[in-house]
Amino acid sequence: GSSLQESNGYVFFFGTNSTYGRELWKTDGTIDGTTLVKDINPGPYSSITFSDKLYSFNNKIVFAATDNNYNLGLWSTDGTDINTESFSTLSSNATLYDFDFKNYDNLLFKVNGDLWKTNGTASGTTVIYNNIPNINKLTYFKNNTYIDTNTGIYFVDQLGQVNTLGNSSGAILQTISPSNNGNYLALKEYNNNASKVYFFDGTNLSQSNIKFNGDNKFIEYQNKLVFSGY
């Protein structure tokens, strides 16, 4: 699979063979240390049929799997069979959203139009926003998760509270990327590649005079932002 995650001294991955089907495996980089974590759907039947993504936080690996009764759920593991368990059921239309940053202690996912978060436990799995629009992208910036949707940008703080990023011009915005040191978030107008680039410092949103040219590199250098555009 395309997803590899490290936790507790092992690299975890999804592997397939004729004995176990497609299941979660772990390796320490040796042949003897490459083992099946748990045969969730026993025998040659695969439990990994819904999402080929692994998530690592809170010293656990979190993933979606289907048991032998065709129950789809969120599972967590510390790498041992006994501590590999389902902690929340999922519907077949659930969507899991991946993150491109480290040191975050929750996973966001969407079920039946509602936004949920989980910390890998049943008690820490809860809905945080009802009827959120279609989600296009997630970006981590200054301890908040910014959510691009078709109608605007929402952001989730570390307490799971959801707010919207306002724009006095009225244009719907979408994120481009944070600057390399994480002090600024670059944005543009939704579905407008000729848009001027906006910058958000966590408090104030401003529009530059430079048009976006498809480049997502924004470098902080000697108290200035260096980037390319028109």
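Does Thr121 satisfy being outside any strand (DSSP E or B) and closer than 22 Å to Tyr55 by Cα? Yes.
Considered as a group, the residues in the range 192-215 that are open to solvent by 80 Å² or more (accessible area, probe 1.4 Å) and within 23 Å of Asn144 (Cα to Cα) include one that is nearest to the chain's Cα centre (by Cα), and that residue is Thr203.
Only residues that are in a strand (DSSP E or B) and surrounded by 20 or more Cβ atoms within 10 Å (Cβ to Cβ) were counted across the range 171-187, and they come to 8. With respect to the conditions (1) surrounded by 15 or more Cβ atoms within 10 Å (Cβ to Cβ); (2) at pLDDT 95 or above; (3) more than 17 Å from Ala122 (Cα to Cα), Asp28 lacks only one, and its number is (1). Kindly indicate whether any position in the range 84-103 is modelled with pLDDT of 90 or more, open to solvent by less than 20 Å² (accessible area, probe 1.4 Å), among the hydrophobic types (A, V, I, L, M, F, W, C) and within 18 Å of the chain's Cα centre (by Cα). No, there is no match, as no residue in the range 84-103 is modelled with pLDDT of 90 or more, open to solvent by less than 20 Å² (accessible area, probe 1.4 Å), among the hydrophobic types (A, V, I, L, M, F, W, C) and within 18 Å of the chain's Cα centre (by Cα). Out of everything in the range 31-71 that is of a type in the set (Ser, Thr, Tyr) and open to solvent by less than 70 Å² (accessible area, probe 1.4 Å), what residue ends up being modelled with the lowest pLDDT? Filtering first and then ranking leaves Ser51. The number of residues in the range 131-166 that are outside any loop (DSSP other than H, G, I, E, B), closer than 17 Å to Asn204 by Cβ and open to solvent by less than 50 Å² (accessible area, probe 1.4 Å) comes to 5.
The values are calculated or read from the model by the stated rules, or taken from the named source; none is laboratory data. Bear in mind the structure is a predicted one, so any value in this text is a computation, not a measurement. Every residue, glycine as well, gets a Cβ built from its backbone with ideal geometry; the counts of neighbours run over all protein chains shown. Heavy atoms of the whole protein, side chains included, go into the accessibility calculation; ligands, DNA and RNA do not. Shrake-Rupley method; radii C 1.70, N 1.55, O 1.52, S 1.80 Å.
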